[in-house]
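Shown next, in structure tokens, is the structure this report addresses.
The values are calculated or read from the model by the stated rules, or taken from the named source; none is laboratory data. Since we're looking at a predicted model, the values are computed, not measured. Please note: Cβ atoms are built from the backbone with ideal geometry, for glycine as well, and neighbour counts cover all protein chains shown.
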Amino acid sequence: MWLKLFFLLLYFVVLFMLARIFEAVVWYETGVFATQLVDPVSLSYERLKTILECRGLGYSGLPEKKDVSELVEKSGELTHGELYSAIKREKERTEAGDSGSTHFSGEMHFYELVEDTKDGIWLVQVIAQDRDALLSKSSWGKMVQKVSQFGIRTGTFNCSNDYRSCIKRGWQRSTLIMSVPQTSASKGKVMLKEYNGRHITIEHIFRWMTSHVAHRIKTLHRSEQLVEEWRSDPAHPVKMFLFARLSQPPAFFSSLSIKFTGRIDFIFVDISHWDNHSSLSEIGVTHSPAYILKMPEGIYRYGNSTGEFLSLAAMDTFLRSVQPEVNDLFVLSLVLINLLAWMDLFITQGATVKRFVVLIRTLGTYNSILLVSWLPVLALLQLSYLDSLYGYSLKLLRYADTTTLASLVRSDWTFYSSHPALFLSTYLAHGLLVDYFEKKRRCGVRSPEDSTTNLEWLASLWDWYASYLFHPIASLQQLPSDQSDWEDDPNLLFERLAFPDLWLRPLVNVDYIKALPTWRFRSVGQHSREQLHEESSQSDSENSPRTRHSTPPHERRGHKRSECSKDKSIQLCVYSDMDHGGGSSSSSSSSSSSSSSSRHHDEAEDTCLTPEAASNQQCCDWSVWPCGVLQCSECVVCLENFVSEELLMGLPCGHAFHQQCIVVWLAAGRHCCPVCRWPSYKKKQQQRSAENISAENTVRD
């Protein structure tokens, strides 16, 4: 988590430095900065019209270049950055066409998008039944391009799809409908206005729209009104003033008043016929046009810092940072958390499929945590006694937003949002560098999983998925610890009956294999081996068939135990241990068949060992064997005798095997002993009782 956060912060620093490099390159090639002013007289007539269209000012009736340049100067100062942005946006609109226009299917669709959208402007072309549209297809495409840059959405309603609703609303002829919020309150009523002009041209329709939208902005013509509005108002602490010599405010300024309804008050001060210019100097307005943001902390002159252009996108970014709402903060946190999650694609090492699977898991986890974290935040914001904390947070944010560093960050945000290909390419390049350094950092401690191929990792993933799919008891069964009493606990039986296993065996975590006893098989010297062989031969000659039939079974067992006790340092046989351990194994299989177990036990004791097996069994150093493990000389998995210095492993039931053989056996899902079928992940009752008794004796000592 912290590593990803570090790389994400490093990426933001790289973006900041890259933007400064771009500015230096532009200055080196052109000799100007983005914040330098441009004289409108030096521009061509087409460039001036492009600037006016981006600001939302009509230029019809101004045939001369001088009049157009004066209108540009009256609406605001022009910078090289704004000029470049306007030219780029003009090219994008030409390529886009009218692809963003909505086609309404009926009354409900129109109501949901137009009338129920309280904080937006809509322009809808209504096509009456069996009639032509008011604007041709090409003219409507140009209209869509012109108004879309101001956040105005467009659509087409064909009465042939819903003739009754058109008759109900009085749309019996083709017309244009504009939807504008009626009040300055957030989520207020929406009013529909119909175009009744005689001139069906794009300029006249656009002027009709901007005039209706401008009526929502409070316009001041006298100094007394300015003094009254300039006073502090607790209900509206943030106000945006425009001081200009225009008949109506620009379209981008009017559109912002719709987007920030209930958050920021937009006021247009017409100083064309101002009666008292001293009142302007008192509040700090020395020249016009001027865009001034009045806050409780002071005033801020918009347009004097980097990236503060007179456009909808630039001023929208500035106002959202000054007066954000919960939705803005949520979107910002969503973008940051997803950028943080995508770092896992480059930090994770291994197969490509593994990277994307880890990425999907991280995206789901981070977004879920984000959504859950926002729920208590939204609940806290509803508490009234936290209003003071909210106010102090906004005040601190406004102080930070009016700094030079904040203006640079907003400028970079506007630049990279208008160039998404550059943003994605830099993120990809940064991720590849992160991947390279991660490989270098992990070269000494590279795990085997990091070097697997796509097919190998997919196979392991499928095995994991199939094991959980075909063993549903795995996620529901809670394996008790070794100290718990399994025989007396009926919960295991109930779980197995309620959730049957498709393979008739539980899926057990194989970590218990690490706790199984492991040791090396050791044998005695060659002299002892020969001596033991001679003793076994003598024992075989003494135990002839005649003697065997004439001697009672209990005397024979006592005779064998006496032979086993000849050498106390080396146990020579396993019969005495079988008398003790065999009883526990037979009792664990069934308590009701004790007589048959005793009979089999006697038969096992009467069976003679071959000289080779007896020699191999008698020459083992049993002192290294763990307590509770039955003595044997052969692995029943591979059916081979134990060889000196081989690794052996014992199971809780007491049987021993080759370590490699039993690990393969258990890892395949057969979690039981190959001999007695006792579960390999739990201890026997008597074994645990013995351990408890020994522990109590130790405590007493």
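Assess whether I167 counts as being among the aliphatic types (A, V, I, L, M), touching a residue at least 24 places away in the same chain (Cβ under 8 Å) and under 18 Å from F110 (Cα atoms). For I167, the condition - among the aliphatic types (A, V, I, L, M), touching a residue at least 24 places away in the same chain (Cβ under 8 Å) and under 18 Å from F110 (Cα atoms) - is not met. Residues that are farther than 20 Å from F309 by Cβ, surrounded by 11 or more Cβ atoms within 10 Å (Cβ to Cβ) and of a type in the set (K, R) do occur in region 4-24, at least one of them. Of the residues making up region 632-649, those that are free of Cβ contacts under 8 Å to residues at least 24 places away in the same chain and not hydrophobic (A, V, I, L, M, F, W, C) are S633, E634, E640.
For region 257-285, give me each residue that is under 28 Å from L396 (Cα atoms) and assigned to a loop (DSSP other than H, G, I, E, B). Selection gives F260, T261, G262, R263, I264, I283, G284, V285. Within region 42-61, take every residue that is in contact with an Asp or Glu (Cβ under 9 Å, 6 or more places away or on another chain) and under 22 Å from H199 (Cβ atoms) and give me the one that is surrounded by the most Cβ atoms within 10 Å (Cβ to Cβ). Only one residue fits best here, namely E53. Considering L639, L648, which residue is out of contact with any Gly (no Cβ under 9 Å at 6 or more places or on another chain), buried (at least 17 other Cβ atoms within 10 Å of the Cβ) and modelled with pLDDT of 85 or more? Answer to the check: L648.
Scanning region 274-298 for residues that are surrounded by fewer than 16 Cβ atoms within 10 Å (Cβ to Cβ) and either over 22 Å from P324 (Cβ atoms) or touching a Leu at 6+ places or on another chain (Cβ under 7 Å) (or both) turns up D275, N276, H277, S278, S281, E282, I283, G284, T286, H287.
The rows are residues; the columns are (1) assigned by TED's automatic domain parsing to the domain that holds G303; (2) modelled with pLDDT of 80 or more; (3) over 25 Å from N509 (Cα atoms); (4) loosely packed, with under 11 Cβ neighbours inside 10 Å.
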{"site": "V372", "(1), (2), (3), (4)": "no, yes, yes, yes"}
{"site": "L375", "(1), (2), (3), (4)": "no, yes, yes, yes"}
{"site": "S425", "(1), (2), (3), (4)": "no, yes, yes, no"}
{"site": "F437", "(1), (2), (3), (4)": "no, yes, yes, no"}
{"site": "T453", "(1), (2), (3), (4)": "no, no, yes, no"}
{"site": "D463", "(1), (2), (3), (4)": "no, no, no, yes"}
{"site": "Y468", "(1), (2), (3), (4)": "no, no, no, no"}
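Inspection of region 344-361 finds a residue satisfying the criterion of being among the hydrophobic types (A, V, I, L, M, F, W, C) and out of contact with any helix residue (DSSP H, G or I) (no Cβ under 9 Å at 6 or more places or on another chain). Looking at this structure, is S407 surrounded by fewer than 16 Cβ atoms within 10 Å (Cβ to Cβ) and either modelled with pLDDT of 85 or more or under 22 Å from L334 (Cα atoms) (or both)? The answer is no for S407. State yes or no: is S99 surrounded by fewer than 19 Cβ atoms within 10 Å (Cβ to Cβ), under 35 Å from the mean Cα position of the chain (by Cα), at pLDDT below 80 and outside any helix (DSSP H, G or I)? Answer is yes for this residue.
For (1) buried (at least 16 other Cβ atoms within 10 Å of the Cβ); (2) basic (K, R); (3) at pLDDT 85 or above, each residue gets a yes or a no:
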| residue | (1), (2), (3) |
| --- | --- |
| S593 | no, no, no |
| R599 | no, yes, no |
| T607 | no, no, no |
| E612 | no, no, no |
| I662 | yes, no, yes |
| A667 | no, no, no |
| N697 | no, no, no |
| R700 | no, yes, no |
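Among the residues examined, V32 qualifies as surrounded by fewer than 19 Cβ atoms within 10 Å (Cβ to Cβ) and more than 22 Å from M315 (Cβ to Cβ).
Residue by residue, here is whether (1) assigned by TED's automatic domain parsing to the domain that holds R207; (2) in a loop (DSSP other than H, G, I, E, B); (3) touching a residue at least 40 places away in the same chain (Cβ under 8 Å); (4) more than 30 Å from T30 (Cβ to Cβ) holds:
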| site | (1), (2), (3), (4) |
| --- | --- |
| V68 | no, no, no, no |
| L83 | no, no, yes, no |
| F110 | yes, no, yes, yes |
| V144 | yes, no, yes, yes |
| N161 | yes, yes, yes, yes |
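Residue under question is A244, and the condition is that it be in the same structural domain as E282 (by TED's automatic domain parsing), out of contact with any Leu (no Cβ under 8 Å at 6 or more places or on another chain), small (G, A, S) and surrounded by 15 or more Cβ atoms within 10 Å (Cβ to Cβ); does it hold? The answer is yes for A244. Quick one: in region 16-42, which of the residues that are in a helix (DSSP H, G or I), of a type outside the set (V, I, T) and farther than 16 Å from R410 by Cα is modelled with the highest pLDDT? The extreme case among them is A24.
Here is a yes/no grid of residues against (1) over 30 Å from A128 (Cα atoms); (2) modelled with pLDDT under 85; (3) touching a strand residue (DSSP E or B) at 6+ places or on another chain (Cβ under 8 Å):
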residue: H199; (1), (2), (3): no, yes, no
residue: L242; (1), (2), (3): yes, no, yes
residue: T261; (1), (2), (3): yes, yes, yes
residue: D275; (1), (2), (3): yes, yes, no
residue: T286; (1), (2), (3): yes, yes, no
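Of the residues making up region 218-230, one or more are out of contact with any Pro (no Cβ under 6 Å at 6 or more places or on another chain), under 24 Å from L319 (Cα atoms) and either part of a loop (DSSP other than H, G, I, E, B) or among the aromatic types (F, W, Y) (or both).
Quick check on region 221-235. Is at least one of its residues aliphatic (A, V, I, L, M), in contact with a strand residue (DSSP E or B) (Cβ under 7 Å, 6 or more places away or on another chain) and either surrounded by fewer than 20 Cβ atoms within 10 Å (Cβ to Cβ) or under 22 Å from S321 (Cβ atoms) (or both)? Checking region 221-235: not a single residue is aliphatic (A, V, I, L, M), in contact with a strand residue (DSSP E or B) (Cβ under 7 Å, 6 or more places away or on another chain) and either surrounded by fewer than 20 Cβ atoms within 10 Å (Cβ to Cβ) or under 22 Å from S321 (Cβ atoms) (or both). Which of the residues spanning region 312-359 are touching a Lys or Arg at 6+ places or on another chain (Cβ under 8 Å), surrounded by fewer than 16 Cβ atoms within 10 Å (Cβ to Cβ) and touching a residue at least 24 places away in the same chain (Cβ under 8 Å)? E325 - this is the single residue of region 312-359 that is touching a Lys or Arg at 6+ places or on another chain (Cβ under 8 Å), surrounded by fewer than 16 Cβ atoms within 10 Å (Cβ to Cβ) and touching a residue at least 24 places away in the same chain (Cβ under 8 Å). The single condition among (1) over 19 Å from A214 (Cβ atoms); (2) in contact (Cβ under 8 Å) with a residue 40 or more places away in the chain; (3) over 39 Å from the mean Cα position of the chain (by Cα) that H287 does not meet is (2). Contact map, region 417-430: first residue in a helix (DSSP H, G or I), second residue surrounded by 12 or more Cβ atoms within 10 Å (Cβ to Cβ), Cβ cut-off under 6 Å, separation 6 or more or different chains; pairs are F423/Y416; H430/Y11.
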